[in-house]
Amino acid sequence: MERLLAVLNVFARIALIFGLALLLPIGVSWWTGDGALGAFDEALVGTLVIGGALLLATQRFRRELRANDGVLLVVLCWVLLPLIAALPLLLGIPEARFSDVYFEAVSGLTATGATAFSGLDRLPPSINLWRTELHWIGGLGIIVLAVAILPLLGVGGRQLMKAEVPGPVKEAGITPRVTETAKGFWIIYVVLTVLCTLAYGLFGMSWLDALTHAFSTVALGGFSSHDASFAYFDSPVLEAITIGFALISGMSYVTHFAALAGRSLRPYLRDGEAPFYLGVLGASVLLVAVYVWHHGHYDEFAVALRHAAFNTVSVATTLGYASTDYSKWPFFAPLWMLFLCSFATCSASTGGGIKMMRAIVLYKQVFREAVHAIHPNATTFIKLGGAVVPNKIILSVLGFGFLYMACTIFFTLVLAASGADILSAFSATVACFNNTGPGLGLVGPDSNYGVFSDFQMWVCSFAMLLGRLEIFTLLVVLTPAFWRK
Amino acid sequence: MSNPLAVLRVFALVLLVFALTMLAPAAVALVQNDSAAGAFQRGCLATLAAALLLWGLTRRHTEELRIRDGFLLVSLVWVVVPAFAALPLLIHFPAMSFTDAYFEAVSGLTTTGATVIEGLDTLPYSINLWRALLVFLGGMGLIVLAVAILPLLGVGGRQLFSAESPGPIKETKLTPRMAQTAKGLWLVYLGLALACTLGYVWAGMGWGDAVIHMFTTLGLGGFSSHDASYAYFNSPRIEFVAIVFMTLAGMNFATHFMALRQRSPACYWADPEIRWYVGVMYASVLGIAVFLWLDGTYAEFGTALRFAAFNVISIATTTGFASTDYAQWPFFAPLWMLFLCSFVTCAGSTGGGMKMMRAIIVYREVMRQVVQTVHPNAVRTVKLADAPLPNKIVFAVLAFGFIYMAIIVSLTLLMAFSGLDIVSGFSAVVASFNNTGPGLGQVGPATTYKSLGDFQTWVCTVAMLFGRLEVFTLLVVLTPAFWRR
């Protein structure tokens, strides 16, 4: 209990800082006079009051956080911040259900991009900006999570990443370590956002749209201010820009950092994941383009390639924009895209899924098992980036991979039990659990999650949280062992 | 390098025995004077000739087989014997393609029970007998495979089970051990066969139907001599008998053997799998009955329970009989049944799937990893029947579980690639890979696999073989390393 209060104290401070993020949509709302100003003002006051009260109430439990407290803090942030983030939506969109706005906020902060709303074009621009700003803030958190916290906890073999992280490792407290590590990566993140905004703005978007979409792109979220997503712009140049930034964002920030610090491209080659990531995506784009073209969905190969490139990269990097309703493509293509999104992105990126690193380990392990079956006494190793991966980590990765699939089956069964058809249930699960966004069927790219019942919305929200926190982080907090002394 | 010629010699002997089993339907056809007599005679002669020729060519290679030769022998038996088993079908149905005939034979010998033949009720009795006999023979082979061979080969943590099987364990030679183990277990199998036949006759089946359905019940296959499967009989009493024997056949035959030898039912309690097997399956029966009743599929709970009990147990034990078109039930129910069939049956039974033993280990290992995340320095081991499991086995089991799921995903993608919808594609893969039989959609319980294209049929055939040989056995033979010195 004491631990919970101590962590809540830190959380209260984070909530207060988070409240400041509301100033951006407030400014935009005031500037454009879009009518949502009242909602944001009330939300700001509400956030400050809640955060302040929480801070005062827990002030005397304040202490330096330990590693296990970090787990709790992370879970609290991703579970409770959406409540605050949902306030402007709840106030600004009168017809929304509570499960809708919480879903929307979770979808924002986990950088998923699945939306519960239709008629986005008619929403006040400040609301749309807030939605994608949630992506962006979520992205800040995801980078810290992926680079500092998950490796520290050793979630599903994440220790693999530990050695590569700059900064002190032996640190006892978690706060200095996190802030230390985060700073460098956040700078890259901010620079990427600025570049992306400029690129979008200069090549045809309005500056407000540019900022809104840049937020969403670098966080690999997928919210758009248009129901039609990128089909609204119908511009190959903008699509190319998106592809570029999505590819960059799906790579490891640790590698970006090393490359910038050393002013050399060599870190990308030495990165154990990046070549596979780019290779798999490139091959898949071609595969999907040829498949769709061969089935006669597009007459011209160039058109097929354009749409395949954009939508495949978008879904595979767990971004989730669409430049066309790809669920109308022959069924294999969207299924393959959903398959990719479950593993393609690199581990220290803002993407979702099990991550390329784990996929490589799993893949190599399969062949290792085959060799073991023939030579039971042979000693074999799996190497990643030139280093031998310890057996303990492989075991963790295997356990994680298995749990991941088990969760996918579980959520699909739950959604099916609550009445969804298999295509919608399965694709919604995959799209939410991998933090991608649009599924197929009822929740396809030209539709939204608003068709789901309250219960199904909660299930999807939980799936997004579980996927983003890499299962263990959330699961651990739910075990009695965690709360025992 | 294994010893292919010595393996071929043993295989020739297996084929010889197999040719003799064709005499049974041939005799039945002669007595009943049905149109298939010629097909069986010619099929039998061709198989005999091939077996003798092979034996003649290899008879001087009488070297003792080593453990590694087991991979090749087992793969040969399950891949090549179906080609001969298909001969009578090919001869009797001139219009049948080799793809379909081979599929049917593989489906029989792997005790899957998926069929491509429509109008079963109009077929000669001997043809239906042959199909069912294949399942029965497959079941006999499986018991040896599961109890004696796979543990020796150590496939996916199977080493575990070697401790439980009767007979000497330190044996390194393949043949004596197989013979030793097989004898006891086959006696149990035949005893159950007799009891099951009498049970069916008691419940009201004719002797002819009783034999056919006994064959497929004990083999957990699922072929029937009626298109309507058990809906043809529409008899609660027959369904009850089927439920009892399906449940028994899904248990480890080594446990049956021990219980008989020691004349003590305590053996069942000591078996680490059986309580989970029975518990999960019967809880699911109750759950689905309530679900169907609440949903209004059946107005009376009694009716819901009757249909749920039969169909859930039939699918979960990977038998594949149907007493109603359960594909019409609300979608969750058949999905849950397919889910069950992938892990419920015990190791050492004639059932398919990854087996309850592995499911328990995977579950405990994942839980251990969760606890490990909370207490990184805690030392905990996964236990089974109060004995800690060696890490090596846990490792192998996890890897197996992962490969299992990965294959389902890949084959489903392949089915989608060939143009099948998701329900049919996914369920066909799950039903084939777990050796269950009927899927959903196009390949549901009310239809057959006939509507699939050639390519799709081959995918299912390969899935059945991979599932039955627990992936590695077949995979290993396909690796170059196996053939290298």
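Computed quantities for the displayed model
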item	result
Condition met for B:Met354 (in contact with a helix residue (DSSP H, G or I) (Cβ under 8 Å, 6 or more places away or on another chain), assigned to a helix (DSSP H, G or I), more than 10 Å from chain A (Cβ to nearest Cβ) and crowded, with 18+ Cβ neighbours inside 10 Å)	no
Single unsatisfied condition, A:Leu134 versus (1) under 14 Å from the mean Cα position of the chain (by Cα); (2) not in a helix (DSSP H, G or I)	(2)
Entirely in segment B:417-485, the helices (runs of 4 or more DSSP H) that have 1 or more residues that are within 12 Å of chain A (Cβ to nearest Cβ) and without any contact (Cβ under 8 Å) to a residue 12 or more places away in the chain	B:422-433, B:472-478, B:480-483
Single residue of A:Lys383, A:Lys355, A:Lys364 found to be of a type in the set (Lys, Arg) and under 14 Å from the mean Cα position of the chain (by Cα)	A:Lys355
Search result, residues across segment A:423-445 that are part of a loop (DSSP other than H, G, I, E, B) and out of contact with any Gly (no Cβ under 6 Å at 6 or more places or on another chain)	A:Gly439, A:Leu440, A:Gly444, A:Pro445
Yes/no for A:Gly352 being farther than 14 Å from A:Phe245 by Cα, in a loop (DSSP other than H, G, I, E, B) and not hydrophobic (A, V, I, L, M, F, W, C)	yes
Answer residue from segment A:299-334, given it is under 17 Å from B:Asp421 (Cβ atoms), touching a helix residue (DSSP H, G or I) at 6+ places or on another chain (Cβ under 6 Å) and without any contact (Cβ under 8 Å) to a residue 60 or more places away in the chain and is surrounded by the most Cβ atoms within 10 Å (Cβ to Cβ) among those	A:Ala333
Failed item, numbered, when A:Met457 is tested on (1) over 30 Å from A:Ala231 (Cα atoms); (2) assigned to a helix (DSSP H, G or I)	(1)
Selection count where residues are more than 20 Å from B:Ala114 (Cα to Cα) and surrounded by 19 or more Cβ atoms within 10 Å (Cβ to Cβ), scope segment B:406-437	1
Residues (more than 14 Å from chain A (Cβ to nearest Cβ), more than 17 Å from the chain's Cα centre (by Cα), closer than 29 Å to B:Leu5 by Cβ and assigned to a loop (DSSP other than H, G, I, E, B)) located in segment B:62-115	B:Thr62, B:Glu63, B:Glu64, B:Leu65, B:Ala86
Any hit, segment B:336-350, residues being at the interface with chain A (Cβ under 8 Å from one of its Cβ atoms) and either surrounded by fewer than 24 Cβ atoms within 10 Å (Cβ to Cβ) or among the aromatic types (Phe, Trp, Tyr) (or both)	yes
Scope segment B:1-49; condition in contact (Cβ under 8 Å) with a residue 40 or more places away in the chain and polar (S, T, N, Q); matching residues	B:Ser2, B:Asn3, B:Thr21, B:Gln32, B:Ser35, B:Thr47
Matching residues, segment A:433-485, being crowded, with 23+ Cβ neighbours inside 10 Å, among the polar types (S, T, N, Q) and within 12 Å of another protein chain (Cβ to nearest Cβ)	A:Thr473
Every pair of residues 6+ apart whose Cβ atoms lie under 7 Å, when the first sits in segment B:308-329 and is farther than 15 Å from B:Ser349 by Cα while the second is of a type in the set (Phe, Trp, Tyr)	B:Phe310/B:Tyr230; B:Asn311/B:Tyr326; B:Phe321/B:Tyr230; B:Ala322/B:Tyr230; B:Ser323/B:Tyr230; B:Ser323/B:Phe307; B:Ser323/B:Phe310; B:Thr324/B:Phe307
Selection within segment A:91-108 - without any contact (Cβ under 8 Å) to a residue 40 or more places away in the chain and farther than 19 Å from A:Ser447 by Cα	A:Pro94, A:Phe98
Only one of A:Phe310, A:Phe339 that is touching an Asp or Glu at 6+ places or on another chain (Cβ under 7 Å) and in a helix (DSSP H, G or I)	A:Phe310
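Yes or no, residue by residue, for (1) at pLDDT 75 or above; (2) buried (at least 16 other Cβ atoms within 10 Å of the Cβ):
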position: B:Arg131; (1), (2): yes, yes
position: B:Leu153; (1), (2): no, yes
position: B:Lys173; (1), (2): no, no
position: B:Thr181; (1), (2): no, yes
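Quick grid of which residues meet (1) surrounded by fewer than 16 Cβ atoms within 10 Å (Cβ to Cβ); (2) under 26 Å from the mean Cα position of the chain (by Cα); (3) of a type in the set (Phe, Trp, Tyr):
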| site | (1), (2), (3) |
| --- | --- |
| B:Leu16 | no, yes, no |
| B:Pro25 | no, yes, no |
| B:Ala29 | no, no, no |
| B:Asn33 | yes, no, no |
| B:Gln41 | no, no, no |
| B:Thr47 | no, yes, no |
| B:Ala50 | no, no, no |
| B:Leu54 | no, no, no |
| B:Arg60 | yes, no, no |
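The values are calculated or read from the model by the stated rules, or taken from the named source; none is laboratory data. As the structure is a prediction and not an experimental result, all values here were calculated from the model. Here Cβ is always computed from backbone atoms with ideal geometry, including for glycine, and neighbour counts include all displayed protein chains.
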